[in-house]
1. Name every residue in the stretch 41-67 that is surrounded by 13 or more Cβ atoms within 10 Å (Cβ to Cβ), at pLDDT below 80 and part of a helix (DSSP H, G or I), in order of residue number.
2. Got a number for residues in the stretch 1-40 being more than 9 Å from the ligand (Cβ to nearest atom), surrounded by 15 or more Cβ atoms within 10 Å (Cβ to Cβ) and in a loop (DSSP other than H, G, I, E, B)?
Amino acid sequence: MVLDCKHVWDHISGYLDGGLDPELLREVQRHLDHCEICSAVLDSTRNILVLTADDRTFTLPVGFSERLHARLEKAFLEGLTTDA
Ligand SMILES: [Zn+2]
């Protein structure tokens, strides 16, 4: 099984809260090891969660996933064209 970036983004919240299957977790981790885009996405997502999560709940803000994906889509396309 090979994950592309968009698959990884679908699983990032699960990755961060420990909700992934062990096999999927391994594949996501492997992708993150060599993908700068997804590593950056993981870092920024983790920061957002730290800011928004409290001790009692682990709930993403309404619309978070959609906004995140829109941002990622843009960052991904820009990354492909700027070769930064
Ligand atoms: Zn990636």
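1. Of everything in the stretch 41-67, those that are surrounded by 13 or more Cβ atoms within 10 Å (Cβ to Cβ), at pLDDT below 80 and part of a helix (DSSP H, G or I) turn out to be 48, 49, 52, 64, 65.
2. 1
The values are calculated or read from the model by the stated rules, or taken from the named source; none is laboratory data. Values in this document were obtained by computation on a predicted structure and should not be read as measured data. Here Cβ is always computed from backbone atoms with ideal geometry, including for glycine, and neighbour counts include all displayed protein chains.
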